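J.: Take this structure first; my questions come after.
The values are calculated or read from the model by the stated rules, or taken from the named source; none is laboratory data. All values reported here derive from a predicted model rather than from experimental measurement. All Cβ positions, even for glycine, are placed from backbone atoms using ideal geometry, and neighbour counts span all protein chains on display.
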């Protein structure tokens, strides 16, 4: 369920009509849902809903819940967007929809 | 003139000189036919421009101070204003870039219909205007402190400079000027933060070290009769923290002046990377801010704790002249501290001065104080220029042009746009002098309004083909009405009286519920009315794929 793109087999020849579109879009949506779940987890769950419980744990002087709310969530957000951009690059290539100039370089 | 004032003038003069030079040079190149602001900006530069455009006086001047006084609950601003970029990157930026129109109302006009475009234009004006008020106040605080003016005078000077700047340099929204502004802003923020971290903890990375002082901060806070700094939900109830964070996130993703920026990239991929770079640049300031808040709070309390009123450090008197720091007449030594004028504490410090006063409170040399002032102005100017641009383009491009329905010349539209800008500045001066709240809070209201109007109909417009014009129009109007009504109900704005919060929900957090209202109304009304035309649905389908499919594998195309 989670983290599936890696296992997908290479494009099996010309897919019937617009079937690739659905497949591409589904993979995009799946990636989005996984990333947004993590987004929700680090900010709303760790930084707000369970902040008091996590605050009982202390790391380098920071109560852990506070650390998530003021530091950890921001670092995670950056990583999430990074993962999204790299994965989408690969997905675009896999389905041949990446934007390229006449020489085939990425735009 | 004091050392601090001289250094402030030097840095402000130098930085403004740089912005104007860049703006002027870009214009020269443009007349040669070189399309600078066209779709050829590298993602890194565009990311820095987004960061400057978006990080305003609220982020730079106000936020760390708010966190210092809110403690743990100040996290709403940190998570809210960064988490929105995840939504922007995943849900909006690439698709709006693919669509390729220039403003949010334009997209709305194509996707839904012309009258929805009018509603969107009005909403864009309301949102941007609320936001500008926050910038006026922020710029006003800087000028009032460093030019020895009253806060009213400071706001008037700031308004004048912002107006000139928007007309001269900001008119074309020149990306490179904003890159320069980001640089000034971040240098001005990080240098004092590093210095203070080094001074107080012996290691110059504030993100890592501010954990060390939290215990001390908690203990001293209690001595001053304040809540423990790390105590969660001391100031805001949990529900409100949740809703404010969510409102700020979805508001960020719906702000018209931020979305515009993603049209200047080369490609859909460029839009994704711009969002990434923007958050990297913003994150640099945002992970530093809570450290600045904590260090400054501790410094502040240590420097006044039990000190006699006539022996207070110099910064207190420097800032007392602006009226933003007051020492109680009845106090002989300082034993209580607050940010609330009505609290009756011995020392009352307005949140909004803390970042600007940080170097003074920590006893850093005058050049650093001047640098911070220049950074604060860069933050206010870059954002205000972007906002005024949205207001003027919405008025001239989306409203005037549609309502008059006569073919109008470019120069006439430009004139209408400039008049709109001027009018917005005048009303914003009034708002800046009589702000309904602190800068970061005023700005948070703008986010709430953006959250409840734009974000839902943009996302539904992209991800749900069935969303139609009637649905979007009813959704936006009900979202805006709901959110606006609650804000007016709970705040004293333009002479209304304020009421108690319902369920502890602050006006900053209502945007999240407004967005929910918007979604529900849009979906229900869309379902009950006719679907959009085949043509529109096909356009939405096309948004999903960055480019036309190349059937053979890319490596073999050559």
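J.: Contact list please: Cβ distance under 9 Å, first residue in segment B:308-323 and in the same structural domain as residue B:369 (by TED's automatic domain parsing), second residue surrounded by 18 or more Cβ atoms within 10 Å (Cβ to Cβ) and in a helix (DSSP H, G or I), pairs at least six apart or on different chains.
T.: No pair meets every condition.
J.: Do we have residue B:61 as at pLDDT 85 or above and under 30 Å from residue A:65 (Cβ atoms) here?
T.: In short, no.
J.: Is there a residue being within 14 Å of chain A (Cβ to nearest Cβ), at pLDDT 85 or above, surrounded by fewer than 24 Cβ atoms within 10 Å (Cβ to Cβ) and in contact with a helix residue (DSSP H, G or I) (Cβ under 8 Å, 6 or more places away or on another chain) anywhere in segment B:81-89?
T.: yes
J.: Sticking with this one: Mind listing whichever residues of segment B:90-110 are away from chain A (no Cβ under 11 Å) and assigned to a helix (DSSP H, G or I)?
T.: The answer is B:92, B:96, B:99, B:104, B:105, B:106, B:107, B:108, B:109, B:110.
J.: Continuing with the same structure: Does segment B:443-460 contain at least one residue that is over 24 Å from the mean Cα position of the chain (by Cα) and over 30 Å from residue B:322 (Cβ atoms)?
T.: yes
J.: Grab the helices (runs of 4 or more DSSP H) fully contained in segment B:152-266, keeping just those with 3 or more residues being under 20 Å from residue B:85 (Cβ atoms), within 13 Å of chain A (Cβ to nearest Cβ) and within 18 Å of the chain's Cα centre (by Cα).
T.: In segment B:152-266, the matching helices (runs of 4 or more DSSP H) lie at B:238-254.
J.: Would you point out the residue of segment A:92-107, among those that are buried (at least 19 other Cβ atoms within 10 Å of the Cβ) and out of contact with any strand residue (DSSP E or B) (no Cβ under 8 Å at 6 or more places or on another chain), that is farthest from the other protein chains (Cβ to nearest Cβ)?
T.: This residue is A:94.
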